[in-house]
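Student: Once you've had a glance at the structure underneath, I'll fire off some questions.
Where a number appears in this text, it was derived from the coordinates with a stated rule and is not lab data. In this text, all values refer to a predicted model and were calculated from it rather than measured experimentally. Here the Cβ positions follow ideal geometry from the backbone for every residue, glycine too, while neighbour counts run over all protein chains shown.
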Amino acid sequence: DTEGLMVMSSNVRFYSARNKASDPDKGDRDWEIRKVGYFKMINTMQPDVFGVQEAEYIQLEHIKDNCSGYSYVGVGRNDGETKGESTAIFYKSNVIEVENWGTKWHSETPDQVGSFFVENEDRQPRTSTWAIFKVKATGERFFHINVHTSLYEASQAKEIQLVTEIVAEKCPEGVPVVLTGDFNTAEDTPGYIKLIESGIVDDAMLALPVSKR
């Protein structure tokens, strides 16, 4: 049941960082090195669902092909298909099925592929992917939203407001919400405080790193 749901979240660092002209990822920073440990972590922990941030299409396919039993929903932020980073959600397909899902762009026009808030100074689109899942064994449903906000505080406040609106619009009444993401912010910033005040997250129930549990 959803009470025992194992959830994970990770910013996987975008694959093409290994090809940057300046300070490219190499050695232990290179996904081609890191992925071995990542696959081992997923295959050992066996989360029911996990959200990823910054994952490019090649990384999504690597994870799907090397982590047994997982499928995913999510699209690239640049073209709404395979180009650019994503906020995909992986799920254990023998345990969970997808009822509905979608991706929203963090902007005044969230259904417009590649759009962004003007306050997002780097002009890179950011997205949230949402899904309504059902546990096959029990029929229980839950709503999962996976978020990656920008680096800029003024934009973050608008982005987090949008996240609350997505939940209000897409989450069926009475269905529990699972939130994962990279918010690029500290807990005392206006955007993060807005998230807590929204009621989506109980701050007493926020996940801690394994080392702090």
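Student: Would you mind checking which residues have amide H under 5 Å from residue 85's amide H? H placed 1.01 Å from N; only 5 or more apart, or other chain.
Tutor: It is 77, 78, by chain and number.
Student: In addition: Where Lys and Arg each count +1 and Asp and Glu each count -1, what net charge lies around residue 90 among other residues with Cβ under 15 Å from its Cβ? Intermediate results must be reported in sequence, preceding the final value.
Tutor: Numbers: positive: 35, 64, 92; negative: 48, 54, 56, 61, 65, 97.
Every neighbour counted, the sum reads -3.
Student: Here are labelled values, (i) 7, 23, 28, 23, 13, 4, 0; (ii) 8, 34, 38, 18, 1, 0; (iii) 9, 30, 29, 18, 10, 4, 1, 0, and one is the computed P(r) over Cα pairs in 10 Å bins from 0, in percent for what I pasted. Which one?
Tutor: (ii)
Student: Also, quick follow-up: Below 23 Å, Cα to Cα, which lysines can residue 136 reach? Residues fewer than 8 away in the same chain don't count.
Tutor: Within reach: 64, 92, 170.
Student: Hey, another quick one. Search the structure for amide H atoms under 5 Å from the amide H of residue 127, placed 1.01 Å from N in the peptide plane, and list their residues when 5 or more places away or on another chain.
Tutor: Amide H to amide H, under 5 Å and 5 or more residues apart or across chains, residue 127 pairs with 106, 148.
Student: Which of the lysines could be linked to residue 20 by a straight reach, that is with a Cα gap under 23 Å, when you skip same-chain ones fewer than 8 residues away?
Tutor: Counting by Cα, and skipping residues close in sequence, residue 20 has these lysines nearby: 35, 83.
Student: On to the next question. Using DSSP, restrict attention to beta bridges with both residues in the chain and report what percent are antiparallel, rounded to the nearest 5. Provide the component values of the computation, followed by the final result.
Tutor: Numbers: 24 of 35 bridges.
Antiparallel bridges: around 70 percent, rounded to the nearest 5.
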